[in-house]
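Trainee: Please find one structure pasted underneath; my questions will follow.
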Amino acid sequence: MAMHRDNSYERGFTLLEIMVVVVILSILALYVGPKIIGRPQEARINATRMQIQSMETALKMYKLDNGVYPSTEQGLDALVQPPEVGQLAKTWRKGGYLEKAQVPKDPWGNDYVYLCPGVNNQDGFDLMSYGPDGQPGGEDENADINNWDVQQ
């Protein structure tokens, strides 16, 4: 019994079919591309909010151990090494309060700003990133990201 081989299924794509697919993909790229390009900034802003929340938690743990938040002078460094100025920590936690034993920079490479007592949170502290422009104030994408605006 001879087997008949149907070659119609073995043919490749024609040049016309490939060109149609390329045109469709190009059209999609024109519409989707600009939307994807704008996302890295949004991702950095969300990462900043998460870092602020994490540092807020570390500052609260510091206060539980020592009765007070680190002063502005001691800064966020008090979360990774015992303070040597101002009111010294009573029971500073060995290993510190932040992972990796270092104070992170914001996603734009700038230091976070820490004030205690805070101007906006007078019974606590202010913690903020000046955002992409690294300058206080700003609007829209350049707006500051503040702990009093970030929801826990």
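Trainee: What is the spin-label model distance, in nm, from VAL80 to THR14 if the labels are put 7 Å beyond Cα along the C-beta direction?
Mentor: Modelled inter-label distance: 6.4 nm.
Trainee: Would you mind checking the tilt of helix 15-37 against the longest principal axis of the Cα atoms of the chain, expressed as 0 to 90 degrees and rounded to 10?
Mentor: With both axes taken from Cα atoms, the answer is about 10 degrees.
Trainee: Taking loop as defined by DSSP and a crowding limit of 14 other beta carbons within 10 Å, which trypsin sites (Lys or Arg not before Pro) in the stretch 40-144 fit?
Mentor: Within the stretch 40-144, the qualifying trypsin sites (Lys or Arg not before Pro) (loop, at most 14 other Cβ atoms within 10 Å) are LYS90, LYS94, LYS105.
Trainee: Now for a separate question. Jot down the radius of gyration and Dmax of the chain, Cα atoms only, both in angstrom.
Mentor: Taking only Cα atoms of the chain, I get Rg and Dmax of 27.1, 97 Å.
Trainee: Any idea what the dipole of the stretch 92-133 comes to, in debye rounded to 20, about its Cα centre with Lys/Arg Cβ at +1 and Asp/Glu Cβ at -1?
Mentor: Using Cβ point charges on Lys, Arg, Asp and Glu, the stretch 92-133 gives about 340 debye.
Trainee: Moving on to the next point. Whole number please: convex hull volume per residue, Cα atoms of the stretch 67-152, in Å³.
Mentor: Numbers: hull volume 9.9 nm³, N = 86.
Hull volume over Cα atoms, normalised by residue count, gives 115 Å³.
Trainee: Counting only chymotrypsin sites (Phe, Trp or Tyr not before Pro) that sit in a DSSP loop (anything but H, G, I, E, B) with at most 16 other Cβ atoms within 10 Å, what is the longest stretch of the chain containing none of them?
Mentor: Working: sites that count: PHE13, TRP108, TRP148.
Answer from the scan: 14-107.
Trainee: Net charge near TYR114: determine it from the other residues with C-beta under 14 Å of the C-beta of TYR114, scoring Lys and Arg +1 and Asp and Glu -1.
Mentor: -4
Trainee: Gaussian network model of the chain, Cα springs within a sub-10 Å range: biggest mean-square fluctuation belongs to which of VAL113, VAL68, VAL22?
Mentor: VAL22
Trainee: Please identify every one of the GluC sites (Glu not before Pro) in the stretch 56-152 that sits in a loop by DSSP and has no more than 15 other beta carbons within 10 Å of its own beta carbon.
Mentor: GLU73, GLU84, GLU139
Trainee: Going by C-beta contacts inside 10 Å, put SER71, SER129, SER54 in order with the fewest on the left.
Mentor: SER54, SER71, SER129
Trainee: Something else: How do VAL119, VAL103 rank when sorted from fewest to most other Cβ atoms within 10 Å of their own Cβ?
Mentor: Ascending number of Cβ neighbours within 10 Å: VAL119, VAL103.
Trainee: Rounded to the nearest 20 Debye, what is the dipole magnitude of the stretch 43-146 about its Cα centre when Lys and Arg each give +1 and Asp and Glu each give -1 at the C-beta?
Mentor: The dipole magnitude comes to about 620 debye.
Trainee: So what is the calculated 222 nm ellipticity per residue for the chain, using -39500 (n - 2.57) for each DSSP H run with n of 4 or more, over all residues, to the nearest 500 deg cm²/dmol?
Mentor: On the way: 2 runs with 51 residues, N = 152.
My calculation for the chain gives -12000 deg cm²/dmol from helical runs alone.
Trainee: Determine the gain in length on full extension of the stretch LEU64-ASP133; use 0.36 nm per residue of separation and subtract their C-alpha separation, reporting nm with one decimal.
Mentor: This chain segment gains 21.4 nm when fully extended.
Trainee: Also: Based on other C-beta atoms within 10 Å, arrange ILE52, ILE27 from fewest to most. Before the final figure, lay out each step's value.
Mentor: Details: ILE52 22, ILE27 10.
Fewest-to-most Cβ neighbours within 10 Å comes out as ILE27, ILE52.
Read-outs throughout are calculated quantities, based only on the coordinates presented, and are distinct from any laboratory measurement. Note that this is a predicted model, so its numbers are computed, not measured. Every residue, glycine as well, gets a Cβ built from its backbone with ideal geometry; the counts of neighbours run over all protein chains shown.
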